[in-house]
1. Which of Lys7/Lys109; Lys99/Lys146; Lys61/Lys99; Lys10/Lys76 have a Cα-Cα distance over 23 Å?
2. Any idea what the dipole of the range 1-84 comes to, in debye rounded to 20, about its Cα centre with Lys/Arg Cβ at +1 and Asp/Glu Cβ at -1?
3. Ignoring ligands, DNA and RNA, please state the percent of accessible area on the chain from carbon and sulfur, probe 1.4 Å.
4. Can you say what percent of the DSSP beta bridges in the chain, counting only those with both residues inside, are antiparallel? Round to 5.
5. Calculate, for the range 101-156, the solvent-accessible area per residue in square angstrom, rolling a 1.4 angstrom probe over the heavy atoms of the protein chains.
6. Ranked by accessible surface with a 1.4 Å probe, highest first, in what order do Ile21, Ile62 come?
7. Any idea what % of Cα-Cα pairs in the chain are farther than 24 Å?
8. Below 8 Å, C-alpha to C-alpha, sequence gap of six or more: please give me the relative contact order for the chain in percent.
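The values are calculated or read from the model by the stated rules, or taken from the named source; none is laboratory data. Quick caveat: nothing in here was measured; it's all calculated off a predicted structure. Methodologically, a virtual Cβ is constructed for each residue, glycine included, from the backbone with ideal geometry; neighbour enumeration extends over all protein chains shown. Calculation scope for accessible area: heavy atoms of the full protein, side chains included, ligands and nucleic acids excluded. Shrake-Rupley method; radii C 1.70, N 1.55, O 1.52, S 1.80 Å.
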Amino acid sequence: MNYTIRKAVKNDVPAILGLVIELAEYEKDPDAVEVTISEMEADGFGPHAIYSAFVAEADNKIVGMALYYVKYSTWKGKAIYLDDIIVNEKYRRYGIGAKLFEEIVRVCKEMGVRKMDWQVLDWNEPAIQFYKKYNTVFDHEWVNCKLYKEQIDKVV
């Protein structure tokens, strides 16, 4: 399988969002995706971009992506958060996910970060096995917390 990994550009956003929707369906939450193409374009490629991404191209189309952003740890300093890494199901098992993941690791090294974080669903055994190949530290101590817009709007 011939494919290329490259930095995402604004014109890639519709395909990136398509992969996000595909992932939401796989994760049994297809209605959870609320972000729009215009929001993703502004947030990733506008004057105040808050995320970056890499895409994988094969057969003249985008078949994978990895979206990340810089965060800060009060204990470790500058860090990277890998929000999603997605490869279209038809294109899995060709090493595309590994190359996307390794591209994010390369960014971590270039930026001199001390930590890279991401999440994986506890039932997603193929992803867990994939990450184990990188000697990933699986954290069973911390509990994920979140406020959605509805809860945010109700705070003070």
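1. Numbers: Lys7/Lys109 16 Å; Lys99/Lys146 30 Å; Lys61/Lys99 17 Å; Lys10/Lys76 32 Å.
In this structure, Lys99/Lys146; Lys10/Lys76 exceed 23 Å between Cα atoms.
2. Numbers: 8 positive and 14 negative charges, 128 e Å.
Charge dipole of the range 1-84: 620 debye, to the nearest 20.
3. Heavy-atom surface of the chain belonging to carbon and sulfur, 1.4 Å probe: 52 percent.
4. Working: 21 of 24 bridges.
In the chain, DSSP labels about 90 percent of beta bridges as antiparallel.
5. Values: 4880 Å² over 56 residues.
Per-residue accessible area for the range 101-156 comes out at 87 Å².
6. Working: Ile21 65, Ile62 35 Å².
Ranking Ile21, Ile62 by accessible area, largest first, yields Ile21, Ile62.
7. Details: 4518 of 12090 pairs.
Cα-Cα pairs in the chain separated by more than 24 Å: 37 percent.
8. Details: 188 pairs, mean separation 28.1, N = 156.
After rounding, I find 18 percent.
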